[in-house]
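Shown next, in structure tokens, is the structure this report addresses.
The values are calculated or read from the model by the stated rules, or taken from the named source; none is laboratory data. Please read these numbers as outputs of a predicted model, since none were measured by experiment. Neighbour counts run over all protein chains shown; Cβ positions are idealised from the backbone, glycine included.
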Amino acid sequence: MGQEDFIQRDVAQHPLPISPIYKTSMFRGPTRPPLSLKTGMADLTGPVFRPEELGPRDNDLILNYAKVGLPVGERIIIQGRVLDGNARPLRGVLVELWQANASGKYRHRNDGYIGAIDPNFGGCGRCLTDAAR
């Protein structure tokens, strides 16, 4: 893959990954601007996900990992849309969600941050888009 395969993102459309008012981003944010890849054949042909392949709590990061109680921390609602190149909503797109827990730690073996693991928070989920989002 050569340098011509990368497309610089429009910074007017995306927030800055590092912000002084969000202090942990100063240490954990990327130091280089994000890049987008050109669409390839795999992007156009699959895979295809069906709603029955996801569990009933896959899209609920509060409940999908809870075992003996609820996770610690503030609750947020995440919403968005997945659009094609002509700004039309795409149906059936699998969206993965990753969120650090209340102490700022991800449940991943490569996360070396000193925050504690929350036994009731997995930090990841997934959902399929519908015809409107």
Looking only at residues in region 38-58 that are among the charged types (D, E, K, R), loosely packed, with under 10 Cβ neighbours inside 10 Å and outside any loop (DSSP other than H, G, I, E, B), which one is modelled with the highest pLDDT? 52
Under the condition of being within 18 Å of the chain's Cα centre (by Cα) and free of Cβ contacts under 8 Å to residues at least 40 places away in the same chain, which residue from region 23-37 is surrounded by the most Cβ atoms within 10 Å (Cβ to Cβ)? 25
Given the condition free of Cβ contacts under 8 Å to residues at least 12 places away in the same chain and assigned to a loop (DSSP other than H, G, I, E, B), answer yes or no: does some residue in region 92-105 qualify? no
Show the residue pairs that are 6+ apart or on different chains and have beta-carbon atoms under 7 Å apart, the first residue being within region 65-86 and assigned by TED's automatic domain parsing to the domain that holds residue 125 and over 23 Å from residue 107 (Cβ atoms), the second being of a type in the set (S, T, N, Q) and surrounded by 10 or more Cβ atoms within 10 Å (Cβ to Cβ). 82/129
Residue identified as at pLDDT below 75 and touching a strand residue (DSSP E or B) at 6+ places or on another chain (Cβ under 8 Å) among 33, 15: 33
Can you tell me which condition residue 111 does not meet? The list is (1) assigned to a strand (DSSP E or B); (2) among the acidic types (Asp, Glu); (3) more than 27 Å from residue 51 (Cβ to Cβ), and all the others hold. (1)
